[in-house]
Amino acid sequence: MNMRNWLRAAPSLHKAMPILSYPGAGLIGESVDALVHSGALQVKCMEAVAARWDALAAVSLMDLSVEAEAFGSAVRFSENEVPTVIGAILGEGDDPDTLQVPEIGAGRTVEYIAAIAGAAKRLDRPVFAGSIGPFSLAGRLLDISEIMVLCYEEPGLVHGVLEKATAFLINYNTALRDAGAHGLLMAEPAAGLLSPALIAEFSTPYVRRIIQAIENESFAVIYHNCGNTIPLIGSILETGASAFHFGNAIDLPAMLKLMPPEYTVFGNIDPAGVLRSGTPESVRAATLDLLERCAAHPNFVLSSGCDIPPAAPVENIDAFFEAARVFYS
C-alpha cells in the first residue's frame, strides 16, 4: 500500500482516527502497567479497540517514556496511569559523548516492536506505531525545564544529545517499520514550547533527518505536536512529514487555513477535558461543532488532540464515533 497516497485520500473516507489505545486496557480487563510491559497484551488491546470502534487506522500506545528508558532514564509506573520519566541523566557541563546510543530491543522497546508485528498481522486496517520526536526525547534526557535554558547557555550540549537521540530514533523507527507498521505517529510536543528560531535549530532538522531515513512508499510519518503550533507552522512544514496532527491548544480551523491543501491534517478534540471528563452529550456536541467548523477543508480528518487517557469512559468514545457517523451520513 502506498501510504502517502492513503494519507492524501484519508479525508474522503469520512472516518475518525483518534489517538486511541489506552482505553482498550479496560476492554480486555488489564491494567495500564501490565499493558506497557507486554507486547502481547498491546496486540490484544489494539484488537479490542479495533473490534469496538471503526477507526480509520489503528494507533499503538503513545508511551513517551520508552525511548528515554532505553537510554537509562528512570520511569515511574502506576497501575492505571501512563508512565512518566523522572529525573535527568545528563546536565549542565556534562559531555554528551558519554551518552551511549542504546541497542534496539533495550528496555521495553522489544515489547513495542513485538506489539507492532502482532497487530500488523491481525488487524484489518493500517497500523501506526508511536514514537517520540528528537527534541522531546532530549528534553527527557536533560530534563524538560533544563533543556529550555541549555538551548541558550549550552547549545553544544543540546545538539550533542540530539545527535544521539536522532541516531537511536532512526534505528528504533526503522525496526518498527520493518516489524510491519504502515506508518509512524511521531510525537514532538516539547518542540511546541520553543520559539520559531529555536524550533528551526533544535527540532526541525533532526525530525527531517529521521523522516528522510525511514519514510518510503509503504511507510509514512504523521508529525504530532500538541503545543501552540500556529506561530511555528513554517518550520513544522519543513520537517517533510507526510501529514500533521495538532492538539487542542490551537484553533484547528485557523491552522487549516495555513496548511497547504496537499497535507492531511488531524485533530483536535480535547482528550482530557472532553473525552475523559465530559459526558456522551457534551462529547457529541463538541465533536459535531468541530466537524462543522472544519467541513470546508477537504484535507481534514477528525481526531483527538492527543492520546485519549486510560480513564476515558467508553461511552464518551462511543459518542465521539457516533457523532462522526451521523455528520458524514
Open item on the list: Here are the criteria: (1) surrounded by fewer than 23 Cβ atoms within 10 Å (Cβ to Cβ); (2) out of contact with any Lys or Arg (no Cβ under 8 Å at 6 or more places or on another chain); (3) closer than 23 Å to VAL207 by Cα. Tell me which single one THR84 does not satisfy.
Closed with: (2)
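Residue by residue through segment 195-206, note down the ones that are farther than 24 Å from ILE113 by Cα and either crowded, with 23+ Cβ neighbours inside 10 Å or aromatic (Phe, Trp, Tyr) (or both).
ILE199, PHE202, SER203, THR204
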TODO: Return yes or no: is ASP94 modelled with pLDDT under 95 and open to solvent by 20 Å² or more (accessible area, probe 1.4 Å)?
DONE: yes
TODO: Could you tell me whether SER145 is open to solvent by 10 Å² or more (accessible area, probe 1.4 Å), over 20 Å from the mean Cα position of the chain (by Cα), farther than 20 Å from MET3 by Cα and modelled with pLDDT under 95?
DONE: yes
- [ ] Give segment 105-137 a look and list any residue that's basic (Lys, Arg) and open to solvent by less than 30 Å² (accessible area, probe 1.4 Å), or say none.
- [x] ARG108
- [ ] For segment 253-283, name all the residues that are buried (at least 16 other Cβ atoms within 10 Å of the Cβ), more than 16 Å from ALA323 (Cα to Cα) and among the hydrophobic types (A, V, I, L, M, F, W, C).
- [x] MET255, LEU256, MET259, VAL265, PHE266, ALA272
Task: All positions within segment 1-37 that are closer than 19 Å to ALA120 by Cβ, hydrophobic (A, V, I, L, M, F, W, C) and open to solvent by 60 Å² or more (accessible area, probe 1.4 Å) - done: MET1
Task: Criterion (of a type outside the set (Asp, Glu), in contact with a Phe, Trp or Tyr (Cβ under 7 Å, 6 or more places away or on another chain), at pLDDT 95 or above and open to solvent by 50 Å² or more (accessible area, probe 1.4 Å)) met by exactly one of ARG140, ARG209, ARG177 - done: ARG177
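So, TYR172, is that one open to solvent by 10 Å² or more (accessible area, probe 1.4 Å), outside any loop (DSSP other than H, G, I, E, B) and either closer than 15 Å to VAL101 by Cα or touching a residue at least 12 places away in the same chain (Cβ under 8 Å) (or both) or not?
Working: open to solvent by 10 Å² or more (accessible area, probe 1.4 Å): no; outside any loop (DSSP other than H, G, I, E, B): yes; either closer than 15 Å to VAL101 by Cα or touching a residue at least 12 places away in the same chain (Cβ under 8 Å) (or both): yes.
When the stated conditions are applied, TYR172 does not pass them.
Do we have ALA74 as modelled with pLDDT of 95 or more and more than 14 Å from ALA138 (Cβ to Cβ) here? Give the derivation first.
On the way: modelled with pLDDT of 95 or more: yes; more than 14 Å from ALA138 (Cβ to Cβ): yes.
It is true that ALA74 is modelled with pLDDT of 95 or more and more than 14 Å from ALA138 (Cβ to Cβ).
The values are calculated or read from the model by the stated rules, or taken from the named source; none is laboratory data. The model shown is predicted, which means the values in this text are computed figures rather than measured ones. Don't worry about glycine lacking a Cβ; one is built from the backbone with ideal geometry, like all the others, and counts go over all protein chains shown. The protein model used for the area step is the full one, side chains on, heavy atoms only, and it has no ligands, DNA or RNA in it. Shrake-Rupley method; radii C 1.70, N 1.55, O 1.52, S 1.80 Å.
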